[in-house]
Amino acid sequence: MVRTLSDLRPVYVVGVGWHRYQNPSETPYVSLGLAAIREALTDAKIEWPAVESSYVATALLGMAAGRPMLRHLGTTGAPLVHIENASASGSTAFRQACIEVAGGISDVALAVGVDKRNPVQRSNTGIDHLADDAIVPFTHFALLTNEYAARYNASVEDIALVAVKNHRNGAKNPNAQRQQERTLQEVLGGKKVSGALTSLQCTPIGEGAAAVIVASDEGIRRYGINPDRAIRVTASVGRSERIYPPGVGFDAALTRETAELALAEAKRQPKDLDVIELHDAFTVEELHYIESIGLCPEGDGVQMLKDGALDIGGRCAINPSGGLIAMGHPIGPTGIGQIGEITKQLRGEAGERQHPHARVGMAHMVGVGAVCYVHIMEGRR
Amino acid sequence: MSTDKLLKSNIYSFGSGGPRGSAPVLLGGQCRCGYVFFPMQAYGCEQCGNHGDALTPCELSTGGTLLAEAVVHLHADKNRPAPFTIVKVALDDGPVVRSVLAEDSAAVSPGQRMTARLVPVRSGESGETVLDLRFTAAI
Ligand SMILES: [Zn+2]
């Protein structure tokens, strides 16, 4: 990168909103998206015409789904672009909105994610594989679970504790798809999916929406936005997969290099992080990623989990929203919902889920394919 | 003459020992830069970006070491009725591949030495036997 986001003018999250993540329903995506956008506008205390540019993240709605949704907010003629980047679609849309504002093109921009659980379509590359039709994402992560357990002598029970924690957090989140605490016995006793993974250790793909509004100092002044509730974005990094040595998981390696760049950009150390929202679509991922981000040496994640260091109120709250496992993963909205959760935490507005004295937060997403996005945000308190 | 037919003759072939006599070989490729990949493709090297003459086909041994295994309990595709086991194998020749474990293989865990063989999966249109590649614990 020639320049990073932190080299440009400051950009802040000033409004956040959701439509609850939920099981597939008859509700049109337009209703889901509008609910999230209107909540974000209300949160920022601005009107729709203030939004100078929109980024719509969606992976499963088909071509150009944004305009039929945004038109119901009133006619402004502001530019609109759709972003599809697999699981990281929302994170990517957020990054582009931040870049536009930090670069001085706009003073106020919207990133909104919305999706319904439609079939995933992948293009044919023309390259055949031995058995790709037999290896869906949960089996990819079942293999990683087996590898992690063997390498670090971790048990199936240890790894499943991630799901117990994240369901406990999700039970306190009114926007979560799963809002029920689960015991280790319930997690382990659930339906077997693949390898050691049971259904409560896997994200429930559903539907929903999340929206955030970002603004410059000028935008904040012009629209009389409360600067004390504005959360600065201090780093934004996107990377894609490279070739790694055999036996090195690309998911963890890609997260390691992306998080390192983001921490350097924000001039922060892993120990400075108070809250992290990360891509825990499957339990083992949370362990891989906290180790890759640098919270602890490889293989020590289970001990941190058992010590309560990853709980709300612990050393660093991981997935206080409930994460992808409990809050859910409607694809397009997910990365934007993470930014919303970090914003609430850093404002001190997370209610029952509030991590005490949260000042520095990180949001992390990976997307199949494979891409990784990391953002760091800091509150004023 | 064998009446056996390969399900994916574009990415593996019979080994030197005949149709079912020995381990099959994987049809990989090597770049001038040294990078070895599977399967063979002519689009360009993932390591250095070279294409054309820089990429040459090469046969890869199915010998390798198991990195991970998972028994799949749920699978939506009816052509692959669960349960079956997926293995991730670091080939001695370089690439890491993932495929199905032979049903009659001994139980495997990470570190296990692996090989592959061709197993009948169905009958073809003219009565021939269709073979597909399965990994199995090396004896
Ligand atoms: Zn090359």
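Just so you know, all these numbers are worked out from the coordinates, no wet-lab data involved. Note that the structure is predicted; figures quoted are calculated from it, not measured. Here the Cβ positions follow ideal geometry from the backbone for every residue, glycine too, while neighbour counts run over all protein chains shown.
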May I ask for log10 I(q)/I(0) of the stretch B:45-106 at q = 0.13 Å⁻¹, from a Debye sum over the Cα atoms as equal point scatterers with solvent left out?
-0.53
Tell me which DSSP H helices of chain A clear both cut-offs, 15 Å or more of axial length from alpha-carbon atoms and a mean Kyte-Doolittle hydropathy of at least 0.5.
A:29-44
For the stretch A:243-313 and the stretch A:114-179, write down the distance between their C-alpha centroids in whole Å.
16 Å
Normalise the Cα radius of gyration of the stretch B:12-137 by 2.2 N^0.38 Å (N = residues in it) and let me know the number.
1.16
Please order A:Leu287, A:Leu261 by the number of other Cβ within 10 Å, starting at the fewest.
A:Leu261, A:Leu287
Treating each Cα of the stretch A:137-294 as an identical point scatterer and ignoring solvent, apply the Debye formula and state log10 I(q)/I(0) at q = 0.08, 0.10, 0.12 Å⁻¹.
-0.31, -0.48, -0.68
Taking placed amide H atoms and a strict 5 Å upper bound, the residues 5 or more places from A:Gly195 or on another chain that come that close are B:Val71, B:Val72, B:His73
Relative contact order of the stretch B:12-137, pairs being alpha-carbon contacts under 8 Å that are 6 or more residues apart, as %:
21 percent
Could you state the number of Å between the C-alpha centres of the stretch A:1-18 and the stretch B:31-91?
40 Å
Label points 7 Å out from Cα along the Cβ direction at A:Met63 and A:Gln303: separation in nm?
5.6 nm
So what's the gap between the Cα centers of the stretch A:21-83 and the stretch A:187-208, to the nearest angstrom?
30 Å
Please identify, among A:Asn23, A:Asn85, A:Asn175, the residue showing maximal mean-square fluctuation in a Gaussian network model of chain A using a 10 angstrom Cα cutoff.
A:Asn23
Can you sort A:Met327, A:Met377 so the residue with the fewest Cβ neighbours within 10 Å comes first?
A:Met377, A:Met327
Could you calculate the FRET efficiency of A:Thr27 with A:Arg151 from 1/(1 + (r/R0)^6), where r is the beta carbon distance between them and R0 is 45 Å, rounded to 0.05?
0.55
Of the beta bridges DSSP finds with both residues in chain B, what % are antiparallel, to the nearest 5?
90 percent
Just rank A:Cys372, A:Cys296, fewest to most, by other beta-carbon atoms within 10 angstrom.
A:Cys296, A:Cys372
Distance in nm between pseudo-label sites at A:Arg232 and A:Ile127 (7 Å out along the Cβ direction from Cα):
4.3 nm
Between A:Val371, A:Val16, A:Val30, where does the largest GNM mean-square fluctuation fall for chain A, given springs only between Cα atoms within less than 10 Å?
A:Val30
Cα pair distances of the stretch A:318-381 binned at 10 Å [whole percent]
21, 53, 22, 4
What percent of all Cα-Cα pairs in the stretch A:206-359 falls in each 10 Å bin, counting up from 0?
10, 36, 38, 13, 3, 0
How high is the relative contact order of chain A, in percent, with contacts defined as C-alpha pairs under 8 Å that are six or more residues apart?
26 percent
What Cys residues in the protein assembly as shown have no fellow cysteine's beta-carbon under 4.7 angstrom?
A:Cys98, A:Cys202, A:Cys296, A:Cys316, A:Cys372, B:Cys58
Tell me, what does the Kirkwood hydrodynamic radius of the protein assembly as shown come to in angstroms if you use every pair of distinct C-alpha atoms?
24.2 Å
Which residue, B:Ala106, B:Ala76, B:Ala23, tops the fluctuation ranking in a GNM of chain B built on C-alpha contacts under 10 Å?
B:Ala76
Count the DSSP beta bridges whose two residues both fall in chain A, then state the antiparallel fraction as a percent rounded to the nearest 5.
70 percent
I want the local charge near A:Gly219. Using Cβ-Cβ distances under 12 Å, sum +1 for each Lys or Arg and -1 for each Asp or Glu among the other residues.
-2
With R₀ set to 41 angstrom, the calculated FRET efficiency between the beta-carbons of A:Thr42 and A:Lys191, to the nearest 0.05, is 0.55
